[in-house]
Amino acid sequence: METVYFIVDESGAKGFSNNVEAEFGELGVAAGYFVRHDVLSRVRDDFAAIRDQLSSGHVGKSHVVALTPDQQKQARRLVFDYLLDRDMYCCYEAMYVQGLHESAARTNAIPRPDIPRPPNVYYSEPRPENPRLISELFNSLFGKALAYAVDNFGREVTLKVIVDNTDEAVLDEYHAGAQRFLDVFKPKIIRRFGFDTASKKKIVHAAEMKTTVSEPQVEQVLSSAKFDISCEDSGLTFAADILVGSLRHHLMNKVKDAGPGSLNSKGAIAGHVLAHQMYGASNLPSQQSLLDTMYRHPQRPLE
């Protein structure tokens, strides 16, 4: 089984869907780059050398914002030249804060079905949807990264994700989202709980739900793939921080210049120095990114 590493960081908005945009077109981005197993140690050392060259004995987490503007510019040049010279592919996902907010609001506004029940029976109400933006980004990015790994290394692949030091709650959501993606075709038991006040008994209704696909090889790929997520503060994550920061800056400039459009298309990434090495950008209008569809900005025009 082949092993592929995917080094990830995030930039911009991170909060929950009950937040509204703090500025027009506010967005969050998650991005990473791929490293083969056989060169991981060398790449880690090379990026650590770039970091140490610029930060002169830094203490703490490796973030580009700790550098001076001139050092940041030099860091971007060195990291991008490294990725370009070695043809190392990247991918990203981005979404609007306001798009996530309004999507969750629409979901929570859907009326609950009025199911007849005896007057002495009460059912628990589902919690309102309030997803975390960076977790939604990671879930989508993980699927795109796995597609790259399968496309380039075959079905028997392990995707090892490396992220910066991350809060345990967020890391748990990353793990759960990745596993949910791999288990999408496995049967799931959906339960609803209630209570009968007359008999003083708990009520449980259960139903099985299963997703099917017309192409059986898709299910085979997901059942064969494996993943791991780990945290570190290293030259690897320093380079990912530089990558995602530059992507957020690029996309925000697009929004300021032309208004809120698609964020995950070839048109959106056009003009970035790594655009031709960015895997999985959608090709409008024939393709549409799932995040651009679900979490479109309310003022984004139809494309």
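Just so it is clear, none of the values below were taken in a lab; they were calculated from the coordinates. In this text the structure is predicted, and so the values were computed from the model without any measurement. Here the Cβ positions follow ideal geometry from the backbone for every residue, glycine too, while neighbour counts run over all protein chains shown.
When only alpha carbons are used to place a centre, segment 118-149 and segment 272-294 end up 23 Å from one another. The angle between the Cα long axis of helix 40-55 and the longest principal axis of the Cα atoms of the chain comes to about 70 degrees, rounded to the nearest 10. Stokes-Einstein at 25 °C, 0.890 mPa s, Kirkwood radius from Cα pairs: D for segment 151-272 in µm² s⁻¹? Taking Rh from Cα pairs, D becomes 129 µm²/s. Annotation: Cα Rg of segment 110-183 relative to the compact-globule expectation 2.2 N^0.38 Å equals 1.65.
Shown for segment 58-162 is the translational diffusion coefficient from the Stokes-Einstein equation, using the Kirkwood radius over Cα pairs, a temperature of 37 °C and a viscosity of 0.692 mPa s: 172 µm²/s. Counted over the chain, the DSSP beta bridges are approximately 65% antiparallel.
Across the chain, the mean sequence separation of Cα contacts (distance under 8 Å, 6 or more residues apart), normalised by length, yields a relative contact order of 31 percent. Rg over Rh for segment 1-123 works out to 1.20, both radii taken from alpha-carbon positions and Rh defined as the Kirkwood radius.
Across the chain, the convex hull enclosing all Cα atoms gives 167 Å³ per residue. To the nearest ten degrees, helix 97-109 and the longest principal axis of the Cα atoms of the chain are 10 degrees apart.
Straight Cα distances below 24 angstrom link LYS256 to the lysines LYS14, LYS73, LYS266, with same-chain residues fewer than 8 positions distant left out.
Computed from the C-beta positions of LYS188 and LYS266 and an R0 of 35 Å, the FRET efficiency is 0.50 to the nearest 0.05. Most tightly packed first, judged by the mean number of other beta-carbon atoms within 10 Å of their residues, the peptides 196-204, 46-54, 132-140 read 132-140, 46-54, 196-204. The order of the peptides 238-244, 286-292 by mean Cβ neighbours within 10 Å, most packed first, is 238-244, 286-292.
Model label sites at ILE115 and SER224, defined 7 Å from Cα along the beta-carbon direction, differ in position by 4.0 nm.
For the peptides 14-23, 83-92, 157-166, residues were scored by their other Cβ atoms within 10 Å and the scores averaged per peptide; the highest-first order is 157-166, 83-92, 14-23.
Which shape class applies to segment 197-267: rounded if a/c is under 1.5, otherwise prolate when a/b exceeds b/c and oblate if not, where a ≥ b ≥ c are the square roots of the Cα gyration tensor eigenvalues? Prolate shape, in that a/c is at least 1.5 and a/b is the bigger ratio. Nearest 0.05, what FRET efficiency do ALA48 and ASP70 give at R0 = 22 Å with Cβ-Cβ as r? E(calc), rounded to 0.05, equals 0.60. The angle separating the long axis of helix 168-182 from the principal Cα axis of greatest extent in the chain is about 80 degrees.
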